[in-house]
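Participant: Take a look at the following structure, please.
We did not get these values from a lab; they are worked out from the coordinates using the rules stated. On a predicted model such as this, the values are computed, not experimentally measured, just so you know. Cβ sites come from the backbone with ideal geometry, for glycine too, and all protein chains shown count toward neighbours.
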Amino acid sequence: MRKAGEILFCVVVLALLSWTVVFAQTTPSPGTSCALKSNTSCDECLQNVSCLWCIATQQCVDYPVRSVLPSHTLCPLAEARWGLCWVNFQALIITMSVLAGVIIIAILVCCCSCCKCGNAGSRKSDERLEQQANLRKLRQEERKAEMKSRHDEIRKKYGLMKDNPYSRFENN
């Protein structure tokens with residue numbers, strides 16, 4: 001298990017470095033032709049980062065920077081080597097796509113769990129606000145009833161209280 005983790009780590013590091021070099025380098029450096037290293041060995045060819053080794057043809061060619069991935073006519077992806085002789089482009093692409101998928105899924109899971117936590121917090125705050133509103137409404141009704149009873153007492157005191165609230169008020 002530890003060995004697989006180390007290999008995966010190496011592949012990830014290699015992939016990151018390779019993409020960095022691919023995007024940083026636009027033209028092959030003058031004076032070092034990769035074609036001169038054809039029919040030698042993979043290690044010799046890959047000493048220059050602008051070179052691509054094809055196992056099928058035993059050719060060392062300039063890396064096709066403009067197309068990012070070498071075309072199948074230049075060298076099949078399973079046979080192409082760049083950076084390290086033991087990593088082919090096909091395995092690199094599969095590994096990178098799986099890692100990208102895992103990272104995207106992890107980000108989505110984190111976002112969803114954060115949204116659920118945020119909603120739970122807002123539900124609690126909504127409930128708290130609703131309870132406070134109910135308490136305010138209850139206090140307001142109590143105050144209203146208190147004021148009405150006070151007004152009724154004042155009306156009784158001055159003889160302004162009527163049995164029928166809809167009867168006409170007469171001033172004697």
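Participant: Say R0 is 35 Å: what FRET efficiency, to the nearest 0.05, do A91 and C115 get from their beta-carbon distance? Display every interim value, and only then the final one.
Facilitator: Working: r = 36 Å, r/R0 = 1.03.
Plugging the Cβ-Cβ distance into 1/(1 + (r/R0)^6) gives 0.45.
Participant: If we count other beta carbons within 10 Å of each Cβ, what is the order of M96, M161, fewest first? Numbers along the way, then the final one.
Facilitator: On the way: M96 16, M161 12.
Listed from fewest to most nearby Cβ atoms, that is M161, M96.
Participant: Moving on to the next point. Using a Förster distance of 45 angstrom, determine the FRET efficiency expected from the C-beta separation of L129 and L69, and round it to 0.05.
Facilitator: Working: r = 57 Å, r/R0 = 1.26.
My answer for the efficiency is 0.20.
Participant: If amide hydrogens are placed 1.01 Å from N in the peptide plane, which non-local residues have theirs closer than 5 Å to the one on C51?
Facilitator: The list, which skips near neighbours in sequence, is Y63.
Participant: May I ask you to sort V87, V68 by Cβ crowding, counting other Cβ atoms within 10 Å and putting the fewest first? Before the final figure, lay out each step's value.
Facilitator: Details: V87 19, V68 10.
Exposure proxy ranking, most exposed first: V68, V87.
Participant: Related question: Taking a cut-off of 16 Å between Cα atoms, list the lysines near K156, but don't count ones fewer than 8 places away on the same chain.
Facilitator: K148
Participant: By count of other Cβ within 10 Å, fewest leading, how are C110, C42 ordered? Walk me through the numbers on the way to the answer.
Facilitator: Numbers: C110 10, C42 17.
The fewest-first ordering by Cβ neighbours comes to C110, C42.
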